[in-house]
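Asks: Dropping the structure in here first, questions after.
The values are calculated or read from the model by the stated rules, or taken from the named source; none is laboratory data. Computed from a prediction, not measured in an experiment: that's the story for all the values here. Here the Cβ positions follow ideal geometry from the backbone for every residue, glycine too, while neighbour counts run over all protein chains shown.
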Amino acid sequence: MSKSREITKEVERLREKLRHHEYLYHVADDPEISDAAYDRLMNQLKKLEAENPKLVTADSPTQRIGGAPREGFQTVVHRTPMVSLDNAFSFEELANFDRRVRQATGREKIEYTTEHKFDGLSMSLLYENGLLVRGVTRGDGRTGEDVTPNVKTIRSIPLNLEAGRLKKAGLTGNLEVRGEGIMTRKSFERLNEQQDAVGGKRYANARNAAAGAVRVLDPSITASRRLDFFAYYLLVDGRAPKKRHSDNLEALSDLRFKVSEDWELCESIEAVEKYINKWESKREKLPFEIDGIVVKVNEIALQNEVGFTSKAPRWAIAYKYPAHQETTLVREILVSVGRTGVLTPFAVFEPVQIGGVTVVKSTLHNMDEVERLGIHAGDTVLVERAGEVIPHVLKVVKHGSEEKPFKMPDKCPVCGMHVHHVEGEIAYRCVNVSCPVRRRESFLHFAGRHAMNIDGLGEKIVDQLLEKNVVKDFADLYKLDLERLANLDRMAEKSAQNLIDEIAASRKNSLARLIYAIGMPFVGERTAQLLAEHFGSMDKLAAASAEKLMEVGEVGPKVAEGVLEFFSESANRKLIEHLRAAGVNMKEERAAPISAKFAGKTFVFTGTLANRTREEAEALVAAHGGKAGGSVSKKTSYVVVGSDAGSKLEKAKSLGVPVVDETQFEKLVSAK
């Protein structure tokens, strides 16, 4: 295998692993690996993509902000994206961050604010005329979940802001306050004591307990968890209102939000390092969990000048403290089977306390990792944890008396069918499409919010439908009748009718949703959308060759292979025909552009627009046949400048690219 192909396969392997863990972390609230382990995977992928820029794709985990919103709540689009932060794990990486900021601004020294990196759930609070009107989770950074009733039960969140305090702070307009919903150590201990008293399941850590408390449908549960909220970011009409971030923190405190008292101003990166060292030795004495320190450029104008990558601000970084580590004994190595049929080995430990959490197991990911570690049942291993339920095995410290090598089973541990493994591939798969584990998870995936969006088709209903052999494939869902559903446990006639209506409505979903829902290997939401837009119908997609598939932007050999593999199976082709017979939409409806007035033109936006978000402005350009660019070149048609415009304005002037303000841009849009 060529070196370039090896790199491509490694990049694709890392992306698959990261997407899997993003789902478990952000959607299922059931993570398998630690923050430190996830960060290592992400850094491996970032390094490979930096060295091989042609391999970067728009749907790579390095290009996205996070995971997707969970089912059960109405989703809300953030007016300004809630971006994540890049991480630093050493002072050398921190110094590199400082160097990049100084080079971008031309300053010899930069003033930074340093704050605790809370270990909780990021949220956005929206205030209109001083009243709290909405609380939204971060979600995937662009859309979050509306959890307003739950947020209102958190006593450290003001339900209204006093007019006098707003006036004194010089704040007018609609306010957005961002911060972290957390559970203190004391509240977490009290929660587990209550669970013990009623014979309930203990919670593994405060972060997951807090996230779960915010994302439940019953606000009384949120109230019972006694959550806290620390504010750390302020926007007024989408913009930072003060000239310095530290001023915004003080304004939040003046408005009676809970703001950490431990933030500091640092006049240099050396002062930042001292702050980090100070809190590393003191953090266990804090009443809440932190896993690092957030470092931000203090001057807002400099923040705007430095700007953002597609995923994170260039003016801020999170320094992560080293993870907790302990040694323990591996009792046995077992195997689990996932939705796609992939077999995953995991280690079962002698229970060990790591950072206040009892750890009993950890994924070993795949056979390559098992062989790299040289791990066997009976070995003593070093494990680490950084706020997660299941940690990562770092290395074998001591081999046991019997070094019996672990081998993947020849038969699926769930259905007993033959396990398939292609030479050169990492994955071992159960290829039985009727394997109970695969079938259950596939139905849940098919019904998910970002797939066919069948509200009400949850785990309990799917389990009963499968146990009673009512459905064998997705198409059988469209044959369900009221009588059959109403006879299921906990399913009243009204609920049954609602579910039937939801299933019926899903027939009209887009082709992109269907492609994602049926579970083609390596095809996520973004790729499904690209395939639907390119081919326009399921028939054309099914007939496409590898070459035709790879003509689609961002589709590489592995995705093409996954699509071909899916349609090569006669059972899958029959499934598509069954869905077609059930009336499920098989074509992509393409919206006609409003006009072609911007055809062939590229617009680049810089600074903050007063009347639209940048995303809205870019969508408007696309609707009129144009293209939104991320950087200025001689081919740029217009640079649109808002307030606090950055270096793109200077580059436009040097290249002679036409520069227009927001008013002039609106005139271009409305011109006939």
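Asks: Which count do you get for residues in the stretch 290-316 that are assigned to a strand (DSSP E or B) and at pLDDT 90 or above?
Replies: The number of residues fulfilling the criteria is 9.
Asks: Restricting attention to the stretch 486-502, and to residues there that are among the charged types (D, E, K, R) and in a helix (DSSP H, G or I), which single residue is surrounded by the fewest Cβ atoms within 10 Å (Cβ to Cβ)?
Replies: LYS494
Asks: Restricting to the stretch 555-595, give me the number of residues that are surrounded by 14 or more Cβ atoms within 10 Å (Cβ to Cβ), closer than 30 Å to VAL669 by Cβ and under 29 Å from the mean Cα position of the chain (by Cα).
Replies: Total meeting the criteria: 1.
Asks: Can you name every residue in the stretch 316-328 that is more than 21 Å from the chain's Cα centre (by Cα) and crowded, with 22+ Cβ neighbours inside 10 Å?
Replies: Of everything in the stretch 316-328, those that are more than 21 Å from the chain's Cα centre (by Cα) and crowded, with 22+ Cβ neighbours inside 10 Å turn out to be ALA323, THR328.
Asks: Out of all the residues in the stretch 411-423, which are surrounded by 11 or more Cβ atoms within 10 Å (Cβ to Cβ), outside any strand (DSSP E or B) and at negative phi?
Replies: Selection gives CYS412, PRO413, VAL414, CYS415, MET417, HIS421.
Asks: I would also like to ask the following. Considering the stretch 54-76 alone, what residues qualify as being more than 21 Å from ALA211 (Cβ to Cβ) and either modelled with pLDDT of 80 or more or in contact with a strand residue (DSSP E or B) (Cβ under 8 Å, 6 or more places away or on another chain) (or both)?
Replies: Selection gives LYS54, LEU55.
Asks: Going through ARG215, ARG202, ARG207 one at a time, which residue ends up being farther than 25 Å from HIS78 by Cβ and modelled with pLDDT under 85?
Replies: ARG202
Asks: Only residues that are modelled with pLDDT of 85 or more, under 30 Å from SER84 (Cβ atoms) and surrounded by fewer than 20 Cβ atoms within 10 Å (Cβ to Cβ): list them for the stretch 154-165, please.
Replies: SER156
Yes or no, residue by residue, for (1) surrounded by fewer than 21 Cβ atoms within 10 Å (Cβ to Cβ); (2) of a type in the set (D, E, K, R); (3) in a helix (DSSP H, G or I):
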| position | (1), (2), (3) |
| --- | --- |
| ALA504 | yes, no, yes |
| ALA512 | yes, no, yes |
| TYR516 | no, no, yes |
| PRO521 | yes, no, no |
| GLN529 | yes, no, yes |
| ALA532 | no, no, yes |
| ASP539 | yes, yes, yes |
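Asks: Hey, can you tell me all the residues within the stretch 276-328 that are more than 30 Å from VAL348 (Cα to Cα) and of a type in the set (S, T, N, Q)?
Replies: Within the stretch 276-328, ASN277, SER281, ASN298, GLN303, ASN304, THR309, SER310 qualify.
Asks: Next up: When residues of the stretch 437-467 are filtered for being part of a helix (DSSP H, G or I), at pLDDT 85 or above and either at positive phi or of a type in the set (Asp, Glu) (or both), how many remain?
Replies: 3
Asks: So, of the residues in the stretch 104-127 that are among the acidic types (Asp, Glu) and in contact with a strand residue (DSSP E or B) (Cβ under 8 Å, 6 or more places away or on another chain), which turns out to be surrounded by the fewest Cβ atoms within 10 Å (Cβ to Cβ)?
Replies: So the residue we want is GLU111.
Asks: Residues of the stretch 390-401 being touching a residue at least 24 places away in the same chain (Cβ under 8 Å) and closer than 28 Å to ARG429 by Cα, which ones?
Replies: Across the stretch 390-401, the qualifying residues are ILE390, PRO391, HIS392, VAL393, LEU394.
Asks: When residues of the stretch 265-324 are filtered for being closer than 10 Å to TYR112 by Cβ and of a type in the set (Ser, Thr, Tyr), how many remain?
Replies: Qualifying residue count for the region: 2.
Asks: If you check ARG15 against the conditions, is it of a type in the set (Lys, Arg), modelled with pLDDT of 75 or more, farther than 23 Å from ARG142 by Cβ and not in a loop (DSSP other than H, G, I, E, B)?
Replies: The answer is no for ARG15.
Asks: From the list GLU250, GLU284, which one is surrounded by fewer than 19 Cβ atoms within 10 Å (Cβ to Cβ), modelled with pLDDT under 90 and part of a helix (DSSP H, G or I)?
Replies: GLU284
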